[in-house]
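So the structure is just underneath, and the comments pick up after that.
The values are calculated or read from the model by the stated rules, or taken from the named source; none is laboratory data. Treat the numbers as computed from the prediction; the structure is a model and nothing was measured. Heads up, the Cβs are rebuilt from the backbone with ideal geometry, glycines too, and the neighbour counts pull from every protein chain shown. The protein model used for the area step is the full one, side chains on, heavy atoms only, and it has no ligands, DNA or RNA in it. Shrake-Rupley method; radii C 1.70, N 1.55, O 1.52, S 1.80 Å.
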Amino acid sequence: MAHPSWENQTAIVEFVLLGFSTVWQLNLALFTTFLTAYVFTVTGNMLIVLLVVLDHHLHIPMYFFLVNLSFLEIGYTSNIVPKMLAGLLAEQKTISVASCLTQFYFFGSLAATECLLLAAMSYDRYLAICRPLRYTVLMNDQVCVVLAASSWGSCFLLTAFTIILLSRLTFCGPNEIDHFFCDFTPLVQLSCTDTSLMETIAFATSSAVTLVPFLLIIASYSSILTTILRIPSNAGRRKAFSTCSSHFTVVTMFYGTLIATYLAPSAHPSQFLRKVFSLLYTILTPMFNPIIYSLRNRDIHEALKRCLTRKTVLLQ
């Protein structure tokens, strides 16, 4: 039931995203830093997409999922960073309730989709290393498409259900969100209606799309590690581990930042800490993913060389 003191309050139609600071010089420095990171993120992920699309040597399941992940990272940052950049320079940092819910919808959907895509990629590595003789049968084009499509579709549908519940809430003020984007907890805290049922449902769905994939990833890498340790030669072990080291690093970064954001601040209830931790998975992780997948990836290096060689030949 709504609190009696809220009954006569007027429902608000827009929020104020407080962001990081009211100091102009600091906001300008943050704007430059975040804009640079955003450009680098979009450029790096688009480069991976183009390389995989243009080079037929990369038309294999691992890079099919990587293209999905790169598209996701572009959408993920583009959903949050442009509005955040505008807020750093604007005097009025307002966002309508509808726009706020839309931003959270894409944020929640894409974050959940990343969990499932990372699980699909770990399953791909498990089959490649632990079941190599059956890999082409178990991970064919149809299976890849089904895994990717179900990851995107299921997460967008589940988050839509949460958004429907959020849209039925009444927000009576204050209308200030002490964050740089519309996250679930700050939104619920501003509601003047009962949110207990919605929070329970949201917790159940978010747990399903984060914890279950995480457990599948752990199971996959436990089997992968066991198989690698059984390989007799050091060269064979290094080659097998190199095929999944990039993905393992990305998984560690992604889930590490989620834990830091949603569990660590609970022991130290500082909203500033929550905002700082949120930067890790909204800006830093999408920016470092293309670096991780290309830095020590021989296939990506060779594909880039082939593309540059073809471009040089065409120019001549």
Quick shape check on the range 70-114: root eigenvalues a ≥ b ≥ c of the Cα gyration tensor, a/c under 1.5 is rounded, otherwise prolate if a/b tops b/c, else oblate, and it reads oblate
Tensor-based shape of the range 31-134 (alpha-carbon gyration tensor, a/c under 1.5 rounded, otherwise prolate or oblate) = prolate
Helix 141-167 versus the longest principal axis of the chain: what is the Cα-based angle in degrees, 0 to 90, to the nearest 10?
-> 10
Taking the Cα atoms only, what angle lies between the long axis of helix 234-262 and the longest principal axis of the chain, rounded to 10 degrees?
-> 0
Tell me, what is the 1.4 Å probe accessible area of H301, in Å² to the nearest 10?
-> 80
Selected from N68, N289, N45 as most flexible by GNM, with the chain as the system and alpha-carbon contacts under 10 Å = N68
Probe 1.4 Å, all protein chains present, accessible-area order of K83, K305, K275, largest first | K305, K83, K275
Does the chain classify as rounded, prolate or oblate by the C-alpha gyration tensor (a ≥ b ≥ c root eigenvalues; a/c under 1.5 gives rounded; else a/b over b/c gives prolate, otherwise oblate)?
-> prolate
Cα-based Lys proximity count in the chain, under 25 Å, for pairs eight or more positions apart or on separate chains | 4
What is the magnitude of the charge dipole of the chain about its Cα centre, with +1 placed on the Cβ of each Lys and Arg, -1 on the Cβ of each Asp and Glu, and no other charges, expressed in debye to the nearest 20?
-> 1540
Measure nothing but the geometry: give the 0 to 90° angle between the long axis through the Cα atoms of 61-89 and the longest principal axis through the Cα atoms of the chain, rounded to 10°.
-> 30
Among all cysteines in the chain, which have no other cysteine Cβ under 4.7 Å from their own Cβ?
-> C115, C130, C144, C155, C244, C307
In terms of the charge dipole of the chain, which places +1 on Lys and Arg and -1 on Asp and Glu at the beta carbon, the residue among I12, C155, V137 farthest towards the positive end is V137
Under 19 Å from the 7 Å Cα→Cβ point of A208, by amide nitrogen: which residues of the range 118-161?
-> 118-120, 147-161
Rounded to the nearest 500, the 222 nm mean residue ellipticity computed for the chain from DSSP H runs (n ≥ 4, each -39500 (n - 2.57)) alone is -25500 deg cm²/dmol
Per DSSP, loop trypsin sites (Lys or Arg not before Pro) in the range 84-157 with at most 12 further Cβ within 10 Å | none
Here FRET efficiency (C-beta to C-beta, L28 to I291, R₀ 22 Å, nearest 0.05) is 0.25
